[in-house]
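The structure appears right after this line, and notes come after that.
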Amino acid sequence: MNTLAAIAVALTALRVNALRSFLAILGVIFGVMAVIITVSLAQGASRAVQEQIASLGSNTLNIQSGSNDRGGRRGGAGSAIPFSSDDVDAIRENLDVIVAASGTIQSSVTAVADGVNWPSTILGIHPDYIEVRDWSVAEGRVFSVAEVSRSSRVAILGRTVVDELFPSDGVLGALVRLNGQPFEVIGILTERGQSSFGQDQDDIIIAPISTVRTRVAGYSRAGVRDPVQRIWVEIAPGEDMNYATEELEQFLRVRRGIDPGEQDDFQVRNFAEFITAFRATETVMGLLLAVAGLITLMVGGIGIMNVMLVSVTERTREIGLRLAVGARRRDIRNQFLVESVALCSVGGLIGLALGVSMALLLENLAPTLGVTRLTVSVDPSIALVAIGASTMVGVLFGFYPAHRASRLDPIIALRYE
Amino acid sequence: MSAPLIQARALTRTYHPGGGDVHALDGVDAVINTGEYVAVMGPSGSGKSTFMNMVGALDRPSAGELVIAGEALSAKSPDQLADFRNRQIGFVFQQFNLLPRTTALDNVALPLLYRGLSLNRRREKAAECLRMVGLDERMNHHPSQLSGGQQQRVAIARALAGEPAILLADEPTGALDSQTTIEVLDILDQLTARGITIVLVTHEKEVGARAERRILFRDGRIVEENP
């Protein structure tokens, strides 16, 4: 018997028992649906993580002065001599691997405009910071290097701050008081939404670092002119991150007079570890979801096996007859195997359609349910996953019933009541 | 027409239910020639059905030898036996054993499925066989739409579809009333006139009387020829 004939025989048998066939594949339908939804969710989460990583800047390093352990008593992070704006300029000018560098000073701030106040965070930066972090302004402009030198009182507001302070239009050129100091609003930052930790990244004000240092945060350290809290740098495209890190460390050791063998009093960090941790979480989550989907699919498979066993028992006489008229054992086995695979494939296709619909529905419903960061990614290759998985279930769980059918004794089978 | 088609030598089939030996067949010697119409008779448990299963290659002998159409069945693999059944044997059963919810035409075409013929060729041949048993008007009826006699005629057509050397009929009239019994037996008469070898298993004397030759089984042995 050829394959086509076997499929025709199987489909006829399935059509003859349409209701039972449908009930049998319900499990597979839900299984495939579950797999598709979970895979789509996992892929969506993965894509969100990728975007998050991209937003952190994969070619970004940040430098902080570390603990001061000279003289026996250790001072904890930041207790060593802070970096200064001069250090930032030196890095920018002397290191070829660095294309942009900015010091930062961060402080909490109370912003007031038209008698409305809003507590927020102010970040003092050099214009390079915008490039390092890959930020941009949606409206207005970024302040210039000259404005940093002049300690101009100009500010760029995040969207949340704009919404809180200026419910109506007319933000650009408006006056905002930051800790009592008047600033001119010259730009609005492009919206970035929530961070993966649920922090509102648009609740921020940025201003020249020099202005923030003296007028807003009052950040000073004895013996250091123009101190900064952190330095952010961007590595030249194509440069190796580890090499750049070493170069930077070496440069800073020399600059800070740290002898070989002595411990650094600063730390250069990149996001590599952070990204690794992120990816690990993502992998575990993906695995969990996949296992959940597979279990559902297996339960569906057991349903198929059950129905196939019933079908074999019910058709014992038919099997006996087929053997009597010349079917070989493998013809019988293949007939039931094809039936089981056909059942599962139909279930797989229905599950695929339902799963994709559900995934898209979930994505659209999520905001109304209060879930704001649910991303769903429906990849076309999911169709292959669905059909592959359901066919495999068909073979796996159809084999035993089919094998049993093929081992029947024709004499007994023919007399079976 | 007198060449031996079926030759059984010391054919024995032993079962071992619960340890003891039961001889369903106990050294049967028989020869059936091409074109013969033979009734195998005997009470239930006499071994006649076991004999039929042996000839139909559904069962293997415990001892002895069976040669059909010049081929020793004991030398064949299970797949070869399936092929042998497909080409040499046509079965007719007491309970018809037609596939439900399947047309008469497709029921008759079933043996040809395992011969790898195309659907068209199978249906062509099946239609021809249905014509032979006078059911060409009912090709597309399902078994449930046919009377018992008609169902058995479909089953006979199915047995003929593969153009077998031997038609094996196991109590073919056992489930029929006297009127349809006659119909079915008339068809068997027509077939024997066409030269098909028929082995008919029955315990009814009137049915056996229609055959040219009778073999009587008792306790696994042939006890009488032409009783």
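Just a few scattered comments:
- Threshold 30 Å², segment A:1-25 residues less accessible with all protein chains present than alone (1.4 Å probe): A:Met1, A:Val16
- Sparse-neighbour loop sites [GluC sites (Glu not before Pro); segment A:191-241; at most 12 other C-beta within 10 Å; DSSP]: A:Glu191
- The heavy atoms of A:Asp169 present about 140 square angstrom of accessible area, all protein chains included, probe 1.4 Å.
- On association of chains B and A, roughly 2000 Å² of accessible area becomes buried (total for both chains; probe 1.4 Å).
- Nearest-0.05 FRET efficiency for B:Asp177 and B:Glu224, computed from C-beta distance (R0 35 Å): 0.75
- Projection of the Cα convex hull of chain B, averaged over all directions and equal to a quarter of that hull's surface, yields 12.6 nm².
- Net charge contributed by nearby residues that have their C-beta within less than 15 Å of B:Gln150 (K/R +1, D/E -1): -1
- Residue among A:Ala353, A:Ala383, A:Ala327 with the largest mean-square fluctuation in a Gaussian network model of chain A, springs linking Cα atoms under 10 Å: A:Ala327
- Neighbourhood charge, 13 Å Cβ-Cβ cut-off, centred on A:Trp118 and excluding it, Lys, Arg +1 and Asp, Glu -1: -4
- Among residues other than A:Ala405 with Cβ under 15 Å from its Cβ, the summed charge is +4 (Lys and Arg +1, Asp and Glu -1).
- Three principal axis lengths of segment A:60-270 [C-alpha, angstrom, descending]: 59, 40, 35
- Alpha-carbon centroid distance for the pair segment B:177-227 / segment B:90-161, whole angstrom: 22
- Highest-MSF residue in chain B out of B:Ala63, B:Ala211, B:Ala72 [GNM, Cα springs under 10 Å]: B:Ala72
- Across the accessible surface of chain A, with the other protein chains kept in place and a 1.4 Å probe, carbon and sulfur atoms take up 57 percent.
- When only alpha carbons are used to place a centre, segment B:1-26 and segment A:160-188 end up 106 Å from one another.
- Per residue solvent-accessible surface (Å²) - segment A:176-271, probe of 1.4 Å: 50
- In whole angstrom, chain A maps to an equivalent ellipsoid with semi-axes of 68, 26, 15, each derived as √(5λ) from the alpha carbon gyration tensor and ordered largest first.
- Listed by chain and number, the lysines whose alpha-carbon sits under 23 Å from that of B:Lys205, ignoring those within fewer than 8 places in the same chain, are B:Lys48.
- Longest to shortest principal axis, alpha-carbon extents of segment A:91-157, angstrom: 48, 24, 23
- At a threshold of 40 Å², the residues of segment A:313-328 that become less accessible to a 1.4 Å probe in the full protein assembly than in their chain on its own are A:Arg317, A:Leu321, A:Arg322, A:Ala324, A:Val325, A:Gly326, A:Arg328.
- Taking Cα centre as origin and charging only the Cβ of basic (Lys, Arg, +1) and acidic (Asp, Glu, -1) residues, the dipole magnitude of chain A rounds to 2180 debye.
- Separation of alpha-carbon centers, segment B:39-59 and segment A:345-417, rounded to whole Å: 48
- With an a/c value of 1.5 or above and a/b not larger than b/c for the gyration tensor axes a ≥ b ≥ c computed over the alpha-carbon atoms, segment B:169-227 is described as oblate.
- GNM remark for chain A: springs join alpha carbons under 10 Å apart, and the peak mean-square fluctuation among A:Ala113, A:Ala90, A:Ala146 falls on A:Ala146.
The values are calculated or read from the model by the stated rules, or taken from the named source; none is laboratory data. Small disclaimer: the values here were computed from a predicted structure and weren't measured. Please note: Cβ atoms are built from the backbone with ideal geometry, for glycine as well, and neighbour counts cover all protein chains shown. Keep in mind that these areas ignore ligands, DNA and RNA; they rest on the heavy atoms of the full protein, side chains included. Shrake-Rupley method; radii C 1.70, N 1.55, O 1.52, S 1.80 Å.
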